[in-house]
Amino acid sequence: MNLFDEQIGYEISFREVELEKDLEKLHQWHHQDHVIPFWKQNFMLPDYKVHLQKLLADQHQTLYIGHLDDEPMSYFERYWTEDDLIANYYDAEVGDQGIHLLIGPDAFLGKGLALPLVRAMTAFGFQHPETKKIIAEPDIRNKKMIHVFEKCGFEAVKEVDLPDKRGLLMFCDREEFLRRWEGVYYIQPSTA
C-alpha cells in the first residue's frame, strides 16, 4: 500500500517484513530507549531472530515495515483479534483486527508522524470489507500513543491486564473512522 499524505508531505507505504532483509533493522529498533519500556523485545540478536521467526510464522498476524518516502522508519503488527489473546478480554467479532506500532529511528520522533501512520494503517485494515472494528491496547503508561489513537478515532473501552503489560483496550469503529476522515483522499468508502 502506497499513499501520499498531504498533511505531512510524505508518501507512506507498507511492505511485509522479510526475515533476512529486516532482522538487523528491527533488532536495532527494539533496542531504542523509547521502544524498550513498551515492547520489551531487546533480546540478543540470535534470540531476536528466533522471536521474529515465530512472529512471521504466526498465521493470525502480518508484520509490516512502514516507510516515509521509501525510508524504513516504523514497524507494525496487524492481527486478527479472534485468534489472539486479546479475544479473552472482549467479545471479538469476525473481521476485527488489532494493530501495534513503533517508530524506530530517533530522527522520526516528535515530528507529528505517529497520527498519520496510525491513520494509514487503520485505513489499510478497513480495506477488508469484513472489518468493522480495529482495536489497539497500548500500554497504559504510554500516554502519547493513547492520545494519538484517540485523535485517530479510537475510543477507550477499559483497562486490561495482559501478560506483558497493563493496557488500555481501545476500539475504532469503521463508520466513525470514515466520518472523521471523510475527504481524506486515501480512505475508501465502506463496501460492507
(message) Of 89, 126, 57, which is farthest towards the positive pole of region 46-163's charge dipole, taken about the Cα centre with +1 and -1 on the beta-carbons of Lys, Arg and Asp, Glu respectively?
(response) 126
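At 0.36 nm per residue, minus the direct Cα-Cα distance, what do residue 162 and residue 144 gain on full extension? Give it in nm, one decimal, please. Could the numbers behind the result be given before it?
Values: separation 18, 0.36 × 18 = 6.48 nm, distance 1.96 nm.
Result: 4.5 nm gained on full extension.
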(message) Which three extents, in angstrom, do the Cα atoms of region 86-185 have along their principal axes, listed largest first?
(response) 38, 36, 18
(request) For n ≥ 4 DSSP H runs only, could you compute -39500 (n - 2.57) per run for the chain, divide by its residues and tell me the 222 nm figure to the nearest 500? (result) -8500 deg cm²/dmol
(request) Starting from the Cα of residue 111, draw a straight line to each of the lysines and keep only those under 22 Å, dropping any in the same chain fewer than 8 residues away. (result) 25, 143, 144, 151
(request) For the chain, calculate the relative contact order in percent as a whole number, restricting contacts to Cα pairs under 8 Å that are 6 or more residues apart. (result) 16 percent
(message) I'd like the accessible area for residue 29, computed on protein heavy atoms only with a 1.4 Å probe and all protein chains in place. Round to 10 Å², please.
(response) 10 Å²
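Can you give the charge dipole size of the chain about its Cα centre, rounded to the nearest 20 debye, using +1 on the beta carbon of Lys and Arg and -1 on the beta carbon of Asp and Glu? Before the final figure, lay out the partial values.
Details: 21 positive and 34 negative charges, 91 e Å.
With Lys and Arg at +1 and Asp and Glu at -1, about 440 debye.
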(request) Determine which aspartates and glutamates satisfy two conditions relative to residue 21: a Cα distance under 20 Å, and not lying fewer than 8 residues away in the same chain. (result) 47, 58, 69, 70, 71, 77
(message) If Rh is defined by the Kirkwood formula over all Cα pairs and Rg also comes from Cα, what ratio Rg/Rh do you get for region 1-130?
(response) 0.96
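Calculate what fraction, in whole %, of the accessible area of region 5-110 sits on carbon and sulfur atoms when a 1.4 Å probe is rolled over the protein chains.
On the way: 2530 of 5350 Å².
Reported share for carbon and sulfur atoms: 47 percent.
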(message) Around residue 70, under 11 Å between beta carbons, what's the net of Lys plus Arg minus Asp minus Glu among the other residues?
(response) -2
(request) Note down the net charge around residue 141, summing +1 for each Lys or Arg and -1 for each Asp or Glu among other residues with Cβ under 14 Å from its Cβ. (result) 0
(message) Using a probe radius of 1.4 Å on heavy atoms only, what accessible surface per residue do you get for region 69-153? Whole Å² is fine.
(response) 41 Å²
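The values are calculated or read from the model by the stated rules, or taken from the named source; none is laboratory data. All values reported here derive from a predicted model rather than from experimental measurement. Every residue, glycine among them, receives a Cβ derived from its backbone with ideal geometry; neighbour counts consider all protein chains shown. All accessible areas refer to the heavy atoms of the entire protein, side chains included, with ligands and DNA or RNA removed. Shrake-Rupley method; radii C 1.70, N 1.55, O 1.52, S 1.80 Å.
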